[in-house]
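Reading through the structure tokens given below for one structure.
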Amino acid sequence: AQSVAQPEDQVNVAEGNPLTVKCTYSVSGNPYLFWYVQYPNRGLQFLLKYITGDNLVKGSYGFEAEFNKSQTSFHLKKPSALVSDSALYFCAVRERGNTGKLIFGQGTTLQVKP
Amino acid sequence: NAGVTQTPKFQVLKTGQSMTLQCAQDMNHEYMSWYRQDPGMGLRLIHYSVGAGITDQGEVPNGYNVSRSTTEDFPLRLLSAAPSQTSVYFCASSSGFHTEAFFGQGTRLTVV
């Protein structure tokens with residue numbers, strides 16, 4: 001069965017510093033991978049996805065993520081964090097050929113301090 | 001564009017009551033899903049559908065029923081509410097396996 005793990009409940013970073021939010025996955029075969037962000041009392045918003053091709057994917061608001069097949073990871077990164085990036089971040093995976101089941105990780109709270 | 005619309009936004013139920021959470025999308029998406037969000041648990045998939053007339057169970061289906069009679073609508077039914085079903089519920093839709101999901105604003109359900 002497919003699964004996603006986000007090993008950190010919270011990541012703290014100072015404004016202007018680089019940030020990384022970690023995600024590892026388990027699927028049989030090649031995955032479709034996604035990152036979403038949730039601001040307080042809101043629904044989830046799409047940030048970026050990996051489908052195929054270049055392992056480094058660029059998305060919204062300056063975020064990027066690196067797909068590493070050997071380590072089954074899809075870590076979210078940003079070169080310079082903003083206070084406004086503080087939110088809850090979710091990694092999600094969908095198996096290729098699966099009937100559409102999209103599974104999410106537990107979420108990681110990102111706190112960016114001025 | 002309305003996107004994914006969930007109603008109601010808030011609901012309080014008594015144990016044993018039944019209700020239906022509504023979800024509608026106007027993007028002609030084939031894939032629709034229901035999730036519940038609980039602190040520390042992330043989003044857990046309840047039921048999903050890959051098209052009208054086709055539904056399947058997710059990670060936590062017990063206590064919930066769904067149907068998909070049209071492409072646009074995917075209601076979630078609680079037949080006999082329990083306090084363990086207190087949660088925030090999100091509906092999502094997408095056009096294909098490789099496309100991003102669009103989420104509704106959520107329904108905050110409290111069962112007392």
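Brief remarks on what is shown
Listed here are the residues, each with its yes/no results for (1) farther than 25 Å from B:Ser93 by Cβ; (2) modelled with pLDDT under 95; (3) not in a strand (DSSP E or B).
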{"residue": "A:Val11", "(1), (2), (3)": "yes, no, no"}
{"residue": "A:Gly29", "(1), (2), (3)": "no, yes, yes"}
{"residue": "A:Ala81", "(1), (2), (3)": "yes, no, yes"}
{"residue": "A:Phe90", "(1), (2), (3)": "no, no, no"}
{"residue": "A:Gly100", "(1), (2), (3)": "no, yes, yes"}
{"residue": "A:Gln111", "(1), (2), (3)": "yes, no, no"}
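- Index of the failed condition, A:Pro40 passing every other in (1) exposed (fewer than 12 other Cβ atoms within 10 Å of the Cβ); (2) closer than 22 Å to B:Ser95 by Cβ; (3) within 14 Å of another protein chain (Cβ to nearest Cβ): (2)
- If you go through segment A:1-21 and pick out every residue that is within 14 Å of another protein chain (Cβ to nearest Cβ) and touching a Ser or Thr at 6+ places or on another chain (Cβ under 7 Å), you end up with 8.
- A single member of A:Phe63, A:Phe34, A:Phe67, A:Phe74 is within 12 Å of chain B (Cβ to nearest Cβ) and surrounded by 13 or more Cβ atoms within 10 Å (Cβ to Cβ), and it is A:Phe34.
- Identity of the residue in segment A:59-79, more than 24 Å from A:Lys113 (Cα to Cα) and among the charged types (D, E, K, R), that ends up modelled with the lowest pLDDT: A:Lys69
- Against the conditions (1) out of contact with any Cys (no Cβ under 9 Å at 6 or more places or on another chain); (2) more than 14 Å from chain A (Cβ to nearest Cβ); (3) among the small types (Gly, Ala, Ser), B:Gly96 satisfies every one except (2).
- Lone qualifier among B:Thr20, B:Thr110, B:Thr70, B:Thr15 - being surrounded by fewer than 16 Cβ atoms within 10 Å (Cβ to Cβ), touching a Pro at 6+ places or on another chain (Cβ under 6 Å) and either away from every other protein chain (no Cβ under 14 Å) or closer than 30 Å to A:Tyr50 by Cβ (or both): B:Thr20
- A search for C-beta distances below 9 Å between a residue of segment A:82-96 that is over 17 Å from A:Ala65 (Cβ atoms) and among the β-branched types (Val, Ile, Thr) and any residue that is modelled with pLDDT of 95 or more and part of a strand (DSSP E or B), counting only pairs 6+ apart in sequence or on different chains, returns A:Val83/A:Val112; A:Val83/A:Lys113.
The values are calculated or read from the model by the stated rules, or taken from the named source; none is laboratory data. Fair warning: this is a prediction, and the values are worked out from it, not measured in the lab. Quick reminder, even Gly has a Cβ in these numbers, built from the backbone with ideal geometry, and neighbours come from all protein chains shown.
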